[in-house]
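Worksheet: one structure, shown below.
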Amino acid sequence: MRQETLAVHAGRASDPATGAVTPPIHLSTTFERAPDGSFPGGHVYTRTTNPNRAELEDALAALEGGAAAAAFASGTAAIMTVMQALAPGDHVLVANDAYHGTGRLLRETFVPWGLRVTFVDLTDLAAVRAALTPETRLLWTETPSNPLLKVTDLAAVAALAHEAGALCACDNTLATPILQQPLRLGMDLVMHSTTKYLGGHSDVLGGAVVVREDGPFFAKVRRIQVSGGAVPSPFDCWLVLRGIRTLPYRMRAHAENAKKVADYLSEHPAVEAVHYPGLATHPGHEIALRQMTLPGGMLSMQVHGGQEAAMRVAARVQLFTRATSLGGPESLIEHRASIEGPGSTTPENLLRLSIGLEHPDDLIEDLAQALGDLTPLAPSPARR
Ligand SMILES: *Cc1c(COP(=O)(O)O)cnc(C)c1O
């Protein structure tokens, strides 16, 4: 079945009790046993399994072409669970431009816990080969990355990781299974912040791990999910699944709009650089064409005039909303370095844009007026 059809039907069945076409939300935390002690519905207690979570996990596995999925209360809880499924002393190779929260979690929690972590530029295959050791248990990629939209060759790093006997995982949040299917490119695990495009409406926090094989590593992930309890609520599962139903069409529109905005910005004299894998000038463009169906809805730009100019553009937008996060219908603009805080390596003049589902010409008009008199630099306008 094709992605559009899977997105609509995966994890779906009319409710046998009522005929409801849209799934009911099962808030019950506990499920009744039959007189013989069995559980006729297959569920015991909601931390362990819940009908809404099972529907969501089925859909996630189907969309990624995986064997199984585990849903979590947040993307970060999903990352945390993968790391907890390793053992102290294990070595992990992590993309040096992975989501800043991933780096922080590893440095603050998992290094003291005993993981040995090396951050490496995964777009440099020689550096990847040099950093892999016989103790490397996991290679963690994220592509396109955040906020520089760097592109990692998933098939190439998977081959290197497997040669060294390591598992490899991809944070697929920015691409979603509609634009990129890491498991089919050789990755063993896919992780999502379903808070972003999968939920798709900026109204639910969630995460997921999807695996190519339902083997011993996933059994550990499942044990930690169930016994650790960082599970999403039934309503959260319902919201993410509702978001998934329209995901293929939303991703197409996000990508189409982002390409138009990126083309416009690359011609603008106030803009120093545009980072978008859909531009022929992007260093990862060729790989993106090979491993993605479309280059996605996220881009970033660096403006002339440093942090002050970047803050001024963010202050002037009327239609874009100044906020962190991504993947909702509304376009967001964010000064990334100040959100990431001390230690951030993001350029001070960079703005990250989550391109939403508005008409692209309205988005371009808003950026045009916000960038307008940046060349030559005008004094800071006092507004808002
Ligand atoms: C948001 C995000 C996360 C973290 O997910 P939460 O749901 O906020 O915990 C991880 N990776 C990427 C790429 C993200 O954008």
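The values are calculated or read from the model by the stated rules, or taken from the named source; none is laboratory data. Everything numeric here is computed off the predicted structure, so don't read it as measured data. Every residue, glycine as well, gets a Cβ built from its backbone with ideal geometry; the counts of neighbours run over all protein chains shown.
So here's what we get for this one:
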read-out	value
Residues located in segment 64-102, provided they are in contact with a strand residue (DSSP E or B) (Cβ under 8 Å, 6 or more places away or on another chain) and assigned to a helix (DSSP H, G or I)	64, 75, 76, 77, 78, 79, 81, 82, 83, 102
Per-region count, segment 192-241, residues part of a loop (DSSP other than H, G, I, E, B), aliphatic (A, V, I, L, M) and in contact with a strand residue (DSSP E or B) (Cβ under 9 Å, 6 or more places away or on another chain)	4
Per-region count, segment 281-339, residues surrounded by fewer than 23 Cβ atoms within 10 Å (Cβ to Cβ), at positive phi and under 20 Å from the mean Cα position of the chain (by Cα)	1
First in segment 12-30 and closer than 10 Å to residue 51 by Cβ, second anywhere and surrounded by fewer than 10 Cβ atoms within 10 Å (Cβ to Cβ) and of a type in the set (Val, Ile, Thr), Cβ under 9 Å, 6 or more apart	15/21; 24/18
Any pair with Cβ under 8 angstrom, 6 or more apart, that starts in segment 173-200 at a residue that is touching a residue at least 40 places away in the same chain (Cβ under 8 Å) and ends at one that is of a type in the set (Lys, Arg) and within 14 Å of the ligand (Cβ to nearest atom)	173/196; 174/196
Test: residue in segment 60-75 that is surrounded by fewer than 21 Cβ atoms within 10 Å (Cβ to Cβ), within 14 Å of the ligand (Cβ to nearest atom) and closer than 18 Å to residue 224 by Cβ	yes
Residues of segment 125-167 that turn out to be farther than 26 Å from residue 351 by Cβ and either in a strand (DSSP E or B) or away from the ligand (no atom under 16 Å from the Cβ) (or both), as a count	30
Near pairs, Cβ below 9 angstrom, 6+ apart or cross-chain, from segment 60-79 (over 11 Å from residue 221 (Cα atoms) and β-branched (Val, Ile, Thr)) to any residue that is part of a strand (DSSP E or B) and modelled with pLDDT of 95 or more	76/193; 76/207
Matching option when the condition is surrounded by 24 or more Cβ atoms within 10 Å (Cβ to Cβ) and more than 14 Å from the ligand (Cβ to nearest atom), among 211, 221, 226	211
Residue selected from segment 1-17 under the condition at pLDDT 95 or above and not charged (D, E, K, R), by the criterion nearest to residue 247 (Cα to Cα)	7
